[in-house]
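Visitor: A single structure is presented below for examination.
The values are calculated or read from the model by the stated rules, or taken from the named source; none is laboratory data. Bear in mind that the values here come from a model prediction, so they are computed numbers and not experimental data. With ideal geometry, Cβ positions are generated from the backbone for all residues, glycine too; neighbour counts draw on all protein chains shown. Protein only, heavy atoms only, side chains kept; ligands, DNA and RNA dropped before computing areas. Shrake-Rupley method; radii C 1.70, N 1.55, O 1.52, S 1.80 Å.
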Amino acid sequence: MEEYKNKLGSLATKLKTDAPKIPIQEVHPVKSSADEKEDEAQLNTWIPKGLLKRVKSYGIDHDLSLKDINILALTFFLDAKAPQVKP
């Protein structure tokens with residue numbers, strides 16, 4: 001029991017004399033993307049279930065979201081059919 005009291009006494013002394021060790025937090029600014037994003041609009045379409053399964057499988061295999069696949073597909077199609085005229 002005496003050993004326990006000595007440990008508690010030394011702990012109290014240590015707490016009184018030692019300064020608390022507070023971890024220093026590092027703050028890093030969020031990196032903004034170099035290119036500005038275009039305003040977005042919503043697009044809802046009905047497609048065959050088989051095609052949706054193919055698109056989802058492709059997205060999983062190539063680590064792409066459905067949104068990314070749609071943007072790539074529409075851009076590819078429109079560039080092939082009607083190239084964009086830059087102002």
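Visitor: Report the label-to-label distance for residue 85 and residue 4 in nanometres (one decimal), using points 7 Å from each Cα along the Cα→Cβ vector.
Guide: Once both label points are built, they end up 9.1 nm from each other.
Visitor: Could you pull the accessible area for residue 45 with a 1.4 Å probe, rounded to 10 Å²?
Guide: The accessible area comes out at roughly 90 Å².
Visitor: While we're here: Among the lysines, select those whose C-alpha is under 22 Å from the C-alpha of residue 49, and discard any that sit fewer than 8 residues away in the same chain.
Guide: 67
Visitor: Could you point to the residue in 22, 12, 1 farthest towards the positive end of the chain's charge dipole, with +1 and -1 charges on the Cβ of Lys/Arg and Asp/Glu respectively?
Guide: 1
Visitor: Where nothing but the Cβ of Lys and Arg (+1) and of Asp and Glu (-1) is charged, how large is the charge dipole of the range 13-87 around its Cα centre, in debye to the nearest 20?
Guide: Using only the charged Cβ atoms, the result is roughly 400 debye.
Visitor: Related question: From the list (i) 85; (ii) 295; (iii) 106, can you say which value of volume of the Cα convex hull per residue in Å³ was derived from the structure given?
Guide: The calculated read-out lines up with (ii).
Visitor: Using a Förster distance of 25 angstrom, determine the FRET efficiency expected from the C-beta separation of residue 75 and residue 30, and round it to 0.05.
Guide: Here the calculated transfer efficiency is 0.35.
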